[in-house]
Amino acid sequence: MARIALVTGGMGGLGEAVCIKLAALGYKVVTTYSPSNKKVDEWLATTRDMGFDFKAYPCDVADYDSAQACVAAIVKDIGPIDVLVNNAGITRDMTFKKMDKLNWDAVMSTNLDSVFNMTKPVADGMVDRGWGRIINISSVNGQKGAFGQTNYSAAKAGVHGFTKALALEVARKGVTVNTISPGYIGTKMVTEIPQEVLDSKILPQIPMARLGKPEEVAGLVAYLASEEAAFVTGANIAINGGQHMS
Ligand code: NDP
């Protein structure tokens, strides 16, 4: 039977590439979208035309109750989740001097609380069944910090702390927990950065002198979800064109 993969934020650049990759490998892929997303039907129609049969559920990953209700509905309608990709995330960049509590809280709840909110209703089932993959999408900026991103860097660094601690707790139960830390990938989150900032500040930091492709990150997710990756746990795998080596 096909394994079930849940990818949060699958209608965004990176999440969509992950959905497509996992579906192409035979997983039954379910994704989530923000309750405010107005393009759900269009996305489902477009991906259906491409030959995919994605299921999509509304979920505010920042909200604990919303996440519990979303996972409960997926389990009831489709089945238990074998692979969880915590991908949904936002940026609210500003210097610390300008950072207000609203923008701190928004990023912490969407990028870090979300990992707890989504993993909580999924992990026990994986442990009981003796197999599971939890893949958390962090960022190079959680590893090295970034100007204007005290909120984002803190949340993304926190993601890997979560990964390591949970990986220890479930290691004997066939469940792996890993972090992927992408560098700058050519999705909306990055292409919204003004071109002159990309050209003058970001690309010069990347030895490969280009943005990463969502498909490159999706390939890494697929590996971590696979049987072959059973011995990889608690890892933080960088995929950043050489921008940061640790
Ligand atoms: P996008 O902005 O393209 O997509 C983000 C996704 O997150 C969207 O699908 C969005 O859903 C979802 N999302 C945001 N807030 C919520 C919420 N409260 N509840 C549910 N879903 C939500 O970003 P990317 O594809 O670029 O980023 C994906 C992940 O990769 C993020 O965690 C990001 O931090 C990380 N990352 C990205 C990098 C890059 O260079 N692009 C680099 C390093 C890390 P909806 O559209 O329905 O609101």
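FYI, it's all coordinate maths here, none of it is from the lab. As the structure is a prediction and not an experimental result, all values here were calculated from the model. Don't worry about glycine lacking a Cβ; one is built from the backbone with ideal geometry, like all the others, and counts go over all protein chains shown.
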- For region 92-197 the chymotrypsin sites (Phe, Trp or Tyr not before Pro) that pass both the DSSP coil test and the at-most-12 other-Cβ-within-10 Å test are Phe96, Phe147
- Which one of Ile90, Ile193, Ile81 has the biggest mean-square fluctuation once the chain is modelled by GNM with Cα springs under 10 Å? Ile193
- So, how do all the Cα-to-Cα distances of region 1-130 break down into 5 Å bins, in percent, from 0 on up? 2, 11, 20, 22, 19, 12, 7, 4, 2, 0, 0
- Item | Label-point separation, Met1 to Lys188 (7 Å along Cα→Cβ), nm | 3.4
- Note on the structure: The pairs in Lys39/Lys156; Lys28/Lys144; Lys28/Lys101; Lys21/Lys164; Lys101/Lys173 lying past 31 Å Cα-Cα in this model are Lys28/Lys144; Lys28/Lys101; Lys101/Lys173
- Item | Label-point separation, Glu215 to Phe52 (7 Å along Cα→Cβ), nm | 1.3
- Angle between the Cα long axis of helix 64-77 and the longest principal axis of the chain, 0 to 90 degrees, nearest 10? 40
- Query: Taking only Cα atoms, what is the 0 to 90° angle, nearest 10, from helix 13-24's long axis to the longest principal axis of the chain?
  - Reply: 30
- Query: Going by how many other beta carbons lie within 10 Å of each one, how would you line up Met208, Met126, fewest first?
  - Reply: Met208, Met126
- Query: Of Ile74, Ile237, Ile135, how do they rank once you tally other Cβ atoms within 10 Å and put the fewest first?
  - Reply: Ile237, Ile74, Ile135
- Using only helices, what value at 222 nm comes out for the chain when you add -39,500 (n - 2.57) per DSSP H run of length 4 or more and divide by the total residues, to the nearest 500 deg cm²/dmol? -12500 deg cm²/dmol
- Note on the structure: So the angle from the long Cα axis of helix 214-225 to the longest Cα principal axis of the chain, reported in degrees to the nearest 10, equals 40
- Message: Could you tell me the relative contact order of the chain? Use alpha-carbon pairs under 8 Å, at least six residues apart, and round to a whole percent.
- Response: 20
- Residue (of Phe52, Val221, Met11) at the positive-pole extreme of region 4-238, dipole from beta-carbon charges: Val221
- Message: Which cysteines in the chain lack any other cysteine whose Cβ sits under 4.7 Å from their own Cβ?
- Response: Cys19
- Item | Dipole in debye (nearest 20) - the chain, about Cα centre, beta carbon charges: Lys, Arg +1; Asp, Glu -1 | 380
- Note on the structure: Length gained, Met208-Asp128, 0.36 nm per residue minus C-alpha separation, equals 24.5 nm
- Which whole-number value in Å³ per residue fits the convex hull of the alpha carbons of the chain? 128
- Largest fluctuation, Ala69, Ala17, Ala225 only, Gaussian network model of the chain with Cα springs under 10 angstrom, belongs to Ala69
